[in-house]
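Have a look at the structure below before the remarks.
The values are calculated or read from the model by the stated rules, or taken from the named source; none is laboratory data. These numbers were taken from a predicted model, which means no experiment stands behind them. We place every Cβ from the backbone using ideal geometry, glycine too, and count neighbours over all the protein chains shown. Side chains are part of the model used for accessible areas, which takes the heavy atoms of the whole protein and leaves out ligands, DNA and RNA. Shrake-Rupley method; radii C 1.70, N 1.55, O 1.52, S 1.80 Å.
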Amino acid sequence: MSKDEKDKVQIIDKDLDLSNAGRGVWLVKVPKYIAQKWEKAPSNMDVGKLRISKTPGQKAQVSLSLTPAVLALDPEEKIPTEHVLDVSQVTKQTLGVFSHMSQAEMAANNGKENSTAPALSDNEKLYMEGRIVQKLECRPIADNCYMKLKLESIRKASEPQRRVQPIDKIVQNFKPVKDHAHNIEYRERKKAEGKKARDDKNAVMDMLFHAFEKHQYYNIKDLVKITNQPISYLKEILKDVCDYNMKNPHKNMWELKKEYRHYKVEEKKEEEHKSGSSDSD
């Protein structure tokens, strides 16, 4: 999100219902196949039974059994029904569970299903459902059903994403092009320009001096375009009349040598003329 978009986001203060803030909640991590089953289940269906076995002097044993109603949602898919939950305490953290409900959902829960209240974000009510006191990880019992499930998941993961398959008709594809238009245009332009021939050294130097009257610094590419000379031949002439800058701010650029900088002399003369006129005044 860009800075302008963040500035456009409207921040709305809302009330938070804390009536259940003191309630302890368990955070349970379940396998993917259980989560998929529970997502398909309607809200009024019992999805599982939790058993807590307490033995004096030992840690409580927690187990989860899926109900037949959940298994009947997809009878062809066989998944384990018995699971063990490993319990761990939440320390050095404060975690909570929150929910939100729109005005339309609250009206439907109150028996007003025909209510026309808009389900907008600014009409939502926020609730704190409780504070997480324990974390549990749901672990299936390693029976034959679970082993078959893992074997099937490994088989699916090992299947290649791309397959070679025969086709019974011609597929319309783009045919390969012998040469692209921009390459043809470039070759024709180079052919029209012809091979760069070496001009007389004095003529090239005149072109260089004329160019440096306009600008003090040039790179080699601009000078090649101005003189239309081979780059190796042009560099030989530049070494005689120009200096190559190796440092910033004009790095990798050419400048006339001091003995050829006529504009420097003219600037000095102008400065002397100005100083002389001021003294006479």
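Overview of values
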| item | result |
| --- | --- |
| Qualifying GluC sites (Glu not before Pro) in region 197-266, DSSP loop, other Cβ atoms within 10 Å at most 11 | GLU213 |
| Mean Cβ neighbour count within 10 Å, used as a protection proxy, ranking 219-227, 43-51 highest first | 219-227, 43-51 |
| Derived scalar couplings ³J(HN,Hα) [region 244-259; Karplus, 6.51 cos²θ - 1.76 cosθ + 1.60; whole Hz; x for Gly, Pro] | 9, 7, 9, 10, 5, x, 10, 5, 6, 10, 9, 9, 4, 5, 4, 5 |
| Under-5 Å amide H pairs with TYR217, H placed in peptide plane, nonlocal only | none |
| Placed amide H near VAL28: partners under 5 Å, 5+ positions off or other chain | LEU136 |
| Among the listed pairs LYS196/LYS257; LYS214/LYS258; LYS235/LYS257; LYS14/LYS135, those beyond 18 Å (Cα-Cα) | LYS196/LYS257; LYS14/LYS135 |
| Per-residue ³J(HN,Hα) for region 69-78, Karplus 6.51 cos²θ - 1.76 cosθ + 1.60, θ = phi - 60°, Hz, x for Gly and Pro | 5, 5, 5, 6, 5, 9, x, 6, 8, 9 |
| Sulfur and carbon atoms: percent of accessible area, region 53-97 [1.4 Å] | 53 percent |
| Sparse-neighbour loop sites [trypsin sites (Lys or Arg not before Pro); region 131-193; at most 10 other C-beta within 10 Å; DSSP] | ARG162, ARG163, LYS169, LYS178 |
| Unsatisfied cross-links (Cα-Cα over 29 Å) in the set LYS191/LYS247; LYS54/LYS156; LYS40/LYS150 | LYS191/LYS247; LYS54/LYS156 |
| Region 131-194 - Debye-derived log10 I(q)/I(0), Cα point model, q = 0.13 Å⁻¹ | -0.75 |
| Residues whose placed amide H lies under 5 Å from that of THR67, excluding near-sequence neighbours | GLY48, LYS49 |
| Per residue solvent-accessible surface (Å²) - region 195-260, probe of 1.4 Å | 68 Å² |
| GluC sites (Glu not before Pro) restricted to DSSP loop in region 56-86 with at most 12 other C-beta within 10 Å | GLU76, GLU77 |
